[in-house]
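The values are calculated or read from the model by the stated rules, or taken from the named source; none is laboratory data. Nothing here was measured: the structure is a model prediction, and the numbers come from that model. When we count neighbours, we look across all protein chains shown, and the Cβ atoms used for this are built from the backbone with ideal geometry, even at glycine.
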Amino acid sequence: MNEITIDAYAKINLALDVLGRLPNGYHEVRMLMQQLELKDRVTLRKTGSSRREIRLTCDNENVPADNTNLAWQAVVLMMDLYEIAEGIEIHIEKRIPMEAGLAGGSADCAAALKAMNILFELDLTTKELCRLGAGLGSDVPFCIQGGTAVAGGTGTDLTQVKGLDPDRYTVLLCKPPEGVSTGEVYRKYSERMADMVTRPHPDIVRLVGDLTADTPLSQAKKDMINVLEYVTGEDLPVIGEIEEAMLEGGAVVSRMTGSGPTVFGIFEERTAAERTGVGLADRFPQTYLTTFR
Ligand code: ATP
């Protein structure tokens, strides 16, 4: 096999809690993550050259086409570990908005690891791929495993759970143009820790129980809290405005994903999501309709 294309799916955080700081300086988190149908496509092709060279192209010029790209880093890691001396071309069809809290870079990284595994018949298990991926980014193991999972530790300890039914809900995503630095958001969260502990936090064990028991979303949503919204939402009031528009449009729940700034709304009626999306797209061109997977 000389070429393979792998789908790279976006995720949202149905809930996100920061539990504290680990001795290594990373934050300990607990998150409930679910993949979406919104996806990039990552193609890897052997160039036929016996020189170890990598080339990366993308249909979006804002995506880095060098060794800062996580898909590139995935290929380098596999070449190093498995002594692969062959040229590889990577092409990314970029559909997941960037710097959005949707793990687009991590999804491309996961797809590139999977593609190398298949192209070079390495026979690595999902667990082994996740272990390698964890070294490249804390969302990468989830992107490899997929589905719905509770993520603990720095985000890399995964437990697969039942997610929201893809046939029952439509997901509306809306990304305001403002950029958000994930590191900065965590830093501000730590600085305001004394205030943060007094705010509502999600009970993710209860939320998982509710999803497993098919408890109505109108009830389960009480634990769909993202504590990073206390930081990003305060800095960017537009996040609250988008959430309000989604709720007014009929969303059962609307929250920020990851460190932001993308807001998602979960709708029971697709037509209501479509109508709300059309309204929001006037002001925010990066508005997308998708579903869970
Ligand atoms: P997360 O939800 O994991 O915080 P994000 O949605 O905030 O991710 P990404 O779109 O994954 O952010 O990318 C953030 C930065 O990573 C970009 O500004 C870009 O420079 C770099 N990057 C590296 N590889 C990629 C990639 N394959 N696609 C997009 N950005 C990438």
By residue number, the members of region 89-135 that are farther than 26 Å from GLY179 by Cα, in a loop (DSSP other than H, G, I, E, B), touching a helix residue (DSSP H, G or I) at 6+ places or on another chain (Cβ under 9 Å) and not acidic (Asp, Glu) are PHE120, LEU122, LEU124
With criteria (1) surrounded by fewer than 21 Cβ atoms within 10 Å (Cβ to Cβ); (2) more than 12 Å from the ligand (Cβ to nearest atom); (3) not polar (S, T, N, Q), LYS94 comes up short on (2)
In the set ARG255, ARG206, ARG199, the lone residue that is surrounded by fewer than 17 Cβ atoms within 10 Å (Cβ to Cβ), closer than 16 Å to MET31 by Cα and touching a helix residue (DSSP H, G or I) at 6+ places or on another chain (Cβ under 9 Å) is ARG206
query = What about THR276, is it surrounded by fewer than 20 Cβ atoms within 10 Å (Cβ to Cβ) and at pLDDT 95 or above?
reply = no
Just one listed residue, out of VAL140, VAL161, VAL76, is within 14 Å of the ligand (Cβ to nearest atom) and surrounded by fewer than 21 Cβ atoms within 10 Å (Cβ to Cβ), and it is VAL76
Checked pairs for region 58-69, first farther than 20 Å from LEU136 by Cβ, second within 10 Å of the ligand (Cβ to nearest atom), C-beta under 7 Å and 6 or more apart or across chains, list as ASP59/LYS94; ASN60/LYS94; ASN62/MET98
Of the conditions (1) among the small types (Gly, Ala, Ser); (2) touching a strand residue (DSSP E or B) at 6+ places or on another chain (Cβ under 7 Å); (3) in contact (Cβ under 8 Å) with a residue 40 or more places away in the chain, the single one that GLY133 does not satisfy is (2)
ASN69 passes all but one of the listed conditions (1) within 12 Å of the ligand (Cβ to nearest atom); (2) at pLDDT below 95; the exception is number (2)
inquiry  = Is it the case, given these coordinates, that ILE84 is part of a strand (DSSP E or B) and in contact (Cβ under 8 Å) with a residue 12 or more places away in the chain?
reply    = no
message: Among the residues of region 232-241, are any touching a residue at least 24 places away in the same chain (Cβ under 8 Å), not aliphatic (A, V, I, L, M) and not in a helix (DSSP H, G or I)?
response: no
When ALA213 is run through (1) surrounded by fewer than 16 Cβ atoms within 10 Å (Cβ to Cβ); (2) within 22 Å of ALA8 (Cβ to Cβ); (3) small (Gly, Ala, Ser), the failure sits at (2)
